[in-house]
Amino acid sequence: MSIIKVKDKTFKTFIPEEEIQRRVKAVAEKLNRDMAGKNPLFLAVLNGSFIFAADLMRYITIPCEISFVKLASYQGTTSTGKVKEVVGINEDLAGRTVVIVEDIVDTGHTMKHMLDSLNTRHPESLHICTLLVKPDKLEVDLNIEYPAMEIPNGFIVGYGLDYDQQGRNLRDIYTIVE
């Protein structure tokens with residue numbers, strides 16, 4: 001276990017890179033089985049999911065497409081509760097199987113906003129794939145079909161997740177040391 005400092009906060013190793021990769025591969029294998037023959041559109045939510053999405057796509061063996069959307073609801077270490085769409089979707093989603101690729105689902109409000117927005121584009125189906133989910137923090141009823149890992153409440157950084165835009169490049173996931 002290592003201790004690191006990001007800006008003014010101290011973090012310790014929470015999930016090592018090897019475990020992350022094992023879980024990403026497992027969720028990709030489930031997607032490969034469930035999405036066979038569907039040519040899904042993977043819709044990765046920036047900025048946090050870019051590393052997860054890249055690693056996930058390396059394990060996806062079925063025909064598929066990927067695109068990106070950028071939503072913002074975090075400031076520092078807390079969610080602002082307000083979601084603003086920064087970069088929209090250019091693809092036609094009508095009749096498509098869409099898999100949202102997210103870094104973390106905690107309260108679920110960002111995901112609910114995204115599902116509501118995407119449903120107006122008439123996809124055949126919408127599926128949620130997330131690296132991390134905090135079940136104890138969920139405030140919205142969501143069908144998260146493809147979670148790589150469930151974690152307890154607590155602020156984390158690394159593997160795409162940031163603290164004030166820092167730490168996304170870390171290979172492991174770290175948790176804050178109080």
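The values are calculated or read from the model by the stated rules, or taken from the named source; none is laboratory data. What you are looking at is a predicted structure, and each value in this text was computed from that prediction instead of being measured. As a convention, Cβ positions derive from the backbone with ideal geometry for all residues, glycine included, and neighbour counts pool all protein chains shown. Calculation scope for accessible area: heavy atoms of the full protein, side chains included, ligands and nucleic acids excluded. Shrake-Rupley method; radii C 1.70, N 1.55, O 1.52, S 1.80 Å.
Table for the structure above
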{"quantity": "Test for Val87: is it open to solvent by 20 Å² or more (accessible area, probe 1.4 Å), at pLDDT below 95 and over 29 Å from Val177 (Cβ atoms)", "calculated": "yes"}
{"quantity": "Selection status of Pro152, more than 19 Å from Leu115 (Cα to Cα) and either more than 12 Å from the chain's Cα centre (by Cα) or of a type in the set (Ser, Thr, Tyr) (or both)", "calculated": "yes"}
{"quantity": "Verdict on Ile20 being crowded, with 19+ Cβ neighbours inside 10 Å and either touching a strand residue (DSSP E or B) at 6+ places or on another chain (Cβ under 7 Å) or of a type in the set (Val, Ile, Thr) (or both)", "calculated": "yes"}
{"quantity": "Top-ranked residue in the range 161-178 [being farther than 13 Å from Ile15 by Cα and in contact with a helix residue (DSSP H, G or I) (Cβ under 9 Å, 6 or more places away or on another chain); ranked as surrounded by the most Cβ atoms within 10 Å (Cβ to Cβ)]", "calculated": "Arg168"}
{"quantity": "Residue within the range 41-51 that is modelled with pLDDT of 95 or more, out of contact with any Asp or Glu (no Cβ under 7 Å at 6 or more places or on another chain), closer than 30 Å to His122 by Cβ and open to solvent by 40 Å² or more (accessible area, probe 1.4 Å) present", "calculated": "yes"}
{"quantity": "First in the range 108-132 and more than 18 Å from Lys38 (Cβ to Cβ), second anywhere and of a type in the set (Phe, Trp, Tyr) and open to solvent by 30 Å² or more (accessible area, probe 1.4 Å), Cβ under 9 Å, 6 or more apart", "calculated": "Thr110/Tyr74"}
{"quantity": "Residue among Lys30, Lys9, Lys70, Lys38 that is in contact (Cβ under 8 Å) with a residue 12 or more places away in the chain, surrounded by 13 or more Cβ atoms within 10 Å (Cβ to Cβ), charged (D, E, K, R) and closer than 16 Å to Asp103 by Cα", "calculated": "Lys70"}
